[in-house]
Every structure is written in structure tokens, then in C-alpha cells.
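The values are calculated or read from the model by the stated rules, or taken from the named source; none is laboratory data. This is a predicted model, so every value here is computed, not measured. Ideal geometry is used to build each Cβ from the backbone, glycine not excepted, and the neighbour counts take in all protein chains shown.
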Amino acid sequence: MIYRVKDWDKHFEKAESRRCKNMLWVAMPTKHDGSGLRRIASHHRAGDLFAAWILIVETAAKMPTRGLLFKDGKALTAKDLAKRTRFPEEIFTLAFHYLVEPEIGWLERVPAMGS
């Protein structure tokens, strides 16, 4: 399964970023009153979830197809993200499980390429 940041183009791309080939930064919304963030903040591992989210967005900005956690013909796993970011695999596993829930909806699962 491949994970994708939902509505990447709407939330994380700006005119400036669309001209960049190699992203050194990402536009991050500053909305703190949304229901998704409120649900994350109420989770007993809110800090881990939010850290994983930021790291996922930063990683997704550097992918060949921005927003899609897929590179070199394979889906990025929690283990791959841990290796890339040097943060614990466990937080990405938690994020993959929790951030796809409809009440949050920040990540979505997409079928594997070629399926």
C-alpha cells in the first residue's frame, strides 16, 4: 500500500514551489483550529503523531511525485521513513494507522503502482 498526503496540491504547493525541482522547504498551513488537529491534540501520543506528520510532509515534498510516499519503484514504509529522518519507526507506524482515519483524513492509502 502506498500512502499519499491528501490534497497535497491544495495545501502544500504554492506558485513558488511549483517552479522548484528539488524542494528545500515546504509550505505548511498554520491552521490550528481544524477538527483533525484537535483530534490529534487529544490523542495520548499527540507529540509523536504531530512530529511524524511534519516529517511525512517534509519527506513527501522531496518525492518524484510530491505528496506520494513512493520512490524508486516502491512505497515508503514506516521503516524507510525512520531511516530517512532518524526518528523512531514506531511514530510512523502510528501515523499511518491514525492519520488515514476519516476523522483526521490527512493521509490516504492508494493502490500500489501497476495494480
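Only one residue in P64, P102 is more than 13 Å from Y3 (Cα to Cα), in contact with a strand residue (DSSP E or B) (Cβ under 7 Å, 6 or more places away or on another chain) and free of Cβ contacts under 8 Å to residues at least 40 places away in the same chain. Which one?
Exactly one residue qualifies, and that residue is P64.
I'd like to check something: does region 74-89 contain any residue that is surrounded by 14 or more Cβ atoms within 10 Å (Cβ to Cβ), touching a strand residue (DSSP E or B) at 6+ places or on another chain (Cβ under 6 Å) and modelled with pLDDT of 95 or more?
yes
Does any residue in region 74-95 that is of a type in the set (F, W, Y) come within less than 7 Å, Cβ to Cβ, of a residue that is part of a helix (DSSP H, G or I) six or more places away or on a different chain, and which pairs are these?
Final answer for the pair search is F87/A51; F87/L55; F92/A52; F92/A78; F92/L81; F92/A82.
Select from region 17-40 the residues that are of a type in the set (S, T, N, Q) and either modelled with pLDDT of 95 or more or not in a helix (DSSP H, G or I) (or both) and list them in ascending order.
Correct list: N22, T30.
So which of F50, F70 ends up being modelled with pLDDT of 95 or more and surrounded by fewer than 18 Cβ atoms within 10 Å (Cβ to Cβ)? It would help to see each step written out before you state the result.
Values: F70 fails: surrounded by fewer than 18 Cβ atoms within 10 Å (Cβ to Cβ).
The conditions single out F50.
If you check E108, E58, which single one turns out to be under 17 Å from W8 (Cα atoms), surrounded by 12 or more Cβ atoms within 10 Å (Cβ to Cβ), in contact with a strand residue (DSSP E or B) (Cβ under 8 Å, 6 or more places away or on another chain) and not hydrophobic (A, V, I, L, M, F, W, C)?
Working: E58 fails: in contact with a strand residue (DSSP E or B) (Cβ under 8 Å, 6 or more places away or on another chain).
Answer to the selection: E108.
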